[in-house]
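The structure appears right after this line, and notes come after that.
The values are calculated or read from the model by the stated rules, or taken from the named source; none is laboratory data. Model, not experiment: these values are computed from the prediction. Positions of Cβ are backbone-derived with ideal geometry, glycine not excepted, and every protein chain shown enters the neighbour counts.
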Amino acid sequence: MSLTEARFHDLVDATQEKLEDIFDESDLDLDLESSAGVLTVKFENGTQFIFSRQEPLRQLWLAAVAGGFHFDYDEEEKRWVCDKSEELLGEVLHRLALQQAGVEIEFDAVDGHSDGNR
């Protein structure tokens, strides 16, 4: 079952808002920029996460030092899942933040663990 365009945009917007909140609440020196549906997170060491929406594929894409990651939304489980590794978005972000910037950030909220759905 494919997401409608409106549902897809709502999901990406909500996810990006959660991510901004998580990064804001971390006590890290980060630069966040959100423009035209793209969220860029710049770490203190100069590396970045870039989140973008790929509307034709209904995917959320993440560009990081380790490469590009593409996430499909699992409507049944209410979470973003990597199309290659089947890891959850929060799991990938936790691992990449540690590898890329040496920082430990919990991303459970983007995987639905703290919003009452679990």
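When Trp80 is tested against (1) under 16 Å from Val103 (Cα atoms); (2) touching a residue at least 40 places away in the same chain (Cβ under 8 Å); (3) of a type outside the set (D, E, K, R); (4) assigned to a strand (DSSP E or B), just one condition goes unmet, and that condition is (1).
If you check Leu93, Leu28 for being touching a strand residue (DSSP E or B) at 6+ places or on another chain (Cβ under 8 Å) and touching a residue at least 12 places away in the same chain (Cβ under 8 Å), only one passes: Leu93. Let me confirm something: among Phe51, Phe69, which residue is in contact with a Cys (Cβ under 7 Å, 6 or more places away or on another chain), under 18 Å from Lys18 (Cβ atoms) and either assigned to a strand (DSSP E or B) or not hydroxyl-bearing (Ser, Thr, Tyr) (or both)? Of the residues listed, the single one that is in contact with a Cys (Cβ under 7 Å, 6 or more places away or on another chain), under 18 Å from Lys18 (Cβ atoms) and either assigned to a strand (DSSP E or B) or not hydroxyl-bearing (Ser, Thr, Tyr) (or both) is Phe69. Has the stretch 42-53 got at least one residue that is at pLDDT 95 or above and touching a His at 6+ places or on another chain (Cβ under 8 Å)? Yes, the stretch 42-53 has at least one match.
Residue-wise test of (1) of a type in the set (A, V, I, L, M, F, W, C); (2) surrounded by 12 or more Cβ atoms within 10 Å (Cβ to Cβ); (3) touching a Cys at 6+ places or on another chain (Cβ under 8 Å).
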{"site": "Phe8", "(1), (2), (3)": "yes, yes, no"}
{"site": "Arg58", "(1), (2), (3)": "no, yes, no"}
{"site": "Gly102", "(1), (2), (3)": "no, no, no"}
{"site": "Glu106", "(1), (2), (3)": "no, yes, no"}
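The combined condition, being surrounded by 15 or more Cβ atoms within 10 Å (Cβ to Cβ), modelled with pLDDT under 95 and either under 26 Å from Ser2 (Cα atoms) or of a type in the set (Phe, Trp, Tyr) (or both), is fulfilled by Val110. Among the residues of the stretch 67-76, those that are over 14 Å from Glu91 (Cα atoms) and surrounded by 13 or more Cβ atoms within 10 Å (Cβ to Cβ) comprise Asp72, Tyr73, Asp74.
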